[in-house]
C-alpha cells in the first residue's frame, strides 16, 4: 500500500521535453524507452526544429498521444527546449510537477524516471542520471560537472566511488535526461534560447538555478546511455586545423567552443570580481587555438616565444621604477645578463611581483613588444662583461 507521500508523488506529472532535428530512428527508440517507464503520468512533447525526414508526421502516426510542436523556422536545442518548457508550464496545474529534459540520442531503462522523481523528492534537487557511453556502459561520461572559473574549465566527474549512489553539490547538469521540479523553473526562469540557441544553453540554465539557491545532483542509480560519437563540432582532440575549421570552431552554432556563447556565459554567470580576467582568458584561448592549430603556428609560435620568452631590462629601467638592482637579484626577481648594465627577469617574476606597483611598471617596460626587438639586438652587441668571457 502506498503512503500518503508516495501517493502525492505518483500524481505529479512529468513533462518530457525532447528537441529533435531529423534522426527519426533515434527519436522512435527514445520514445519506446519512455513508453516502457514504470512511472506515470508522463506527458511527452517532441519539439521539431525543422526536420526534413518527415519526423513530425511519422511520430503523430505511430505515437498519437505524443504532443508534437513544430515551428516555421529552424530551431536549435536551446530554442526548442524553451518552447517545450513554455508549453509544459501552460499544461501544468500542480506545483509539484516536473520537467524531464531528454535528447533523442539517449537510452534509458524502465525505472529511470521513477528513480529520478524519488531522488528529487527525497533530496529536494534537480537531478540527472549518470551518463555512460551507449557502446560501453562501463565508461562514465558524466557523473557531475563543475566550473573552475579561475582556469575557465569544466571538470567532469567520470568515476563512481564504491557504494556511491548520489553526487551532490555539482555546478552543472547535462541537458540529457535531467529532471527539474517545475517550481524551480517558475522561480528562476526558463531556458534562455534567444541568448543561447544551442550549446551553453543548459550550462547557463543550471548555473542560474544554482544562483537562485537550488541544489543540483546526479543519481548513480539512474543510468542514461548516450551516443557519445554524435556530438557537435569540438576541438578537444587536438590536431591541425585549416583556417576554415578554426573559424567554424570559434563561431559556428554547432561548435562547443563557440566564442560568442562562452563570452555571454561568462558575462552572465562568472563571479563579478573575476569576470574581466575570465573574459581575457577566453580571448587568449581563442587566439591560441588559431596560433597553435593552424598553419600560422609556423610563424607565430617562434615569434611569440621570442617576444614573451625573455624579458630584458637595464639598470636605468630599474632606477626609473624606483627598484634597486641588487635587491631584485637577492630576491630572485632578476639575474645578470652577459652585457654590462643589462638584466633578465627571472622566470617566476610575475608570480612574485604581487601588487607592488614598482615591479608592475618594470614588467610592463620589459614586456613592451614595441621595444622588444630593439632590446634583443642591443643585448647581443659586442660590449660584454668580463664575467661572461670566462
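Here are some notes:
- Fraction of alpha-carbon pairs over 18 Å apart in region 310-389 - percent: 36 percent
- For residue 62 and residue 254, the difference between the fully extended length at 0.36 nm per residue and the C-alpha to C-alpha distance is 66.1 nm.
- Computed over the chain, relative contact order equals 13 percent, with contacts defined as Cα pairs under 8 Å that lie 6+ residues apart.
- Only helices enter the 222 nm calculation for the chain: every DSSP H run of n ≥ 4 contributes -39,500 (n - 2.57), and dividing by all residues gives -12000 deg cm²/dmol, rounded to 500.
- A Gaussian network model of the chain, with springs between Cα atoms under 10 Å, assigns the largest mean-square fluctuation among 336, 120, 51 to 336.
- Dividing the mean sequence gap of close Cα pairs (under 8 Å, 6+ apart) by how many residues region 310-389 holds gives a relative contact order of 37 percent.
- Alpha-carbon Rg/Rh ratio, for the chain, with Rh computed the Kirkwood way: 1.14
- Springs between Cα atoms under 10 Å define the GNM used for the chain, and in it the highest mean-square fluctuation of 112, 15, 312 occurs at 312.
- Computed on region 4-230, with alpha-carbon pairs under 8 angstrom and 6+ residues apart, the relative contact order is 25 percent.
- In this structure, residue 273 and residue 139 have a Cβ-Cβ separation that, at R0 = 35 Å, corresponds to a calculated FRET efficiency of about 0.40.
- Here the extension length gained between residue 40 and residue 356 equals 107.3 nm, from 0.36 nm per residue of separation less the Cα-Cα distance.
- Computed label-point distance, nm, for sites residue 211 and residue 159 using a 7 Å Cα→Cβ extension: 3.3 nm
- Multiplying the residue separation of residue 320 and residue 74 by 0.36 nm and removing their Cα-Cα distance gives an extension gain of 82.4 nm.
- Fewest-first ranking of 30, 370, 128, 318, using other Cβ atoms within 10 Å as the exposure measure: 370, 318, 30, 128
Only the coordinates and a few stated rules stand behind these numbers; no lab work does. Bear in mind that the values here come from a model prediction, so they are computed numbers and not experimental data. FYI the Cβ positions are ideal-geometry reconstructions off the backbone, even for glycines, and counts take in every protein chain you see.
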